[in-house]
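These notes are about the structure you will find just below.
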Amino acid sequence: MARFRLEAVLSYKAQMVENLTRELAKLEERQRAKRQEILFLKREIHKIMKKLGQSQNSPQEITEIVTTLHYLSALEKKLKAKHEELEIIQHKCQTTRNKLIEMAKDKKILEKLKEKWWQHEQMVMREREQRLLDEVAINGFLREEI
């Protein structure tokens, strides 16, 4: 029985789809984690801003206010860095998703080709079988004639 010539390519594409799916899942998990970090930083900044706003009504030492403002500035820098990291991860996610879509399309095309090849092989085998049965019937008829 013949073998599908593109079976190795189909296996490769299937493996690539599987790998890209895993990679995309990891990237999406990193994206979720980064969003959680950003949310935490935003809440922390909001909490400090609220505390700073409330402290305007009460007397505070200037060093405490300056320290709080430095901390707030550091948090905002960290937030900006997290946003940049998130953008990079989102870009990687999109790139991986596009690769996955293309690879899945290629795999689907190869699977359809394999299915058509298999149908063709089945038809060829049925034709051979029919010819063999016809030949057996003809030989049997000719034996009866002799």
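Throughout, read-outs are computed from the coordinates displayed, never taken from laboratory work. Predicted model only: the values in this text are computed from it and were never measured. Cβ: placed from backbone, ideal geometry, glycine included. Neighbour counts: every protein chain shown.
Some notes on this structure:
- Whole-number percent relative contact order across the chain, with pairs defined as alpha carbons under 8 Å at least 6 apart: 46
- Working from label points 7 Å from Cα in the Cα-to-Cβ sense, the Leu52 to Trp117 distance is 6.7 nm.
- If you run the Gaussian network model on the chain, springs between alpha carbon atoms under 10 Å, then out of Glu129, Glu85, Glu115 the most flexible one is Glu129.
- Across region 47-91, Cα-Cα pairs more than 17 Å apart make up 45 percent of the total.
- Structure remark: mean-square fluctuation, Gaussian network model of the chain, C-alpha springs under 10 Å; the largest value among Ser73, Ser58, Ser11 belongs to Ser58.
- Each residue of region 11-17 is assigned a 3J(HN,Hα), and the resulting list reads 4, 4, 4, 5, 5, 5, 4 Hz, derived from the Karplus form 6.51 cos²θ - 1.76 cosθ + 1.60 (θ = phi - 60°), x at Gly and Pro.
- Theoretical FRET efficiency, 1/(1+(r/R0)^6), r = Cβ-Cβ of Ser73 and Gln15, R0 41 Å, to 0.05: 0.25
- Rounded if a/c under 1.5, otherwise prolate or oblate - the chain, Cα gyration tensor axes: prolate
- Under 28 Å from the Cα of Lys80 - lysines, other chains or at least 8 residues apart: Lys26, Lys34, Lys42, Lys47, Lys50, Lys51, Lys92
- Segment Arg30-Ala81, length gained on full extension (0.36 nm per residue, minus Cα span): 16.9 nm
- In a reduced charge model with +1 at each Lys and Arg Cβ and -1 at each Asp and Glu Cβ, the chain shows a dipole moment near 840 debye about its Cα centre.
- For region 92-135, backbone nitrogen atoms closer than 14 Å to the point 7 Å from Glu145 Cα along Cα-to-C-beta are found at 135.
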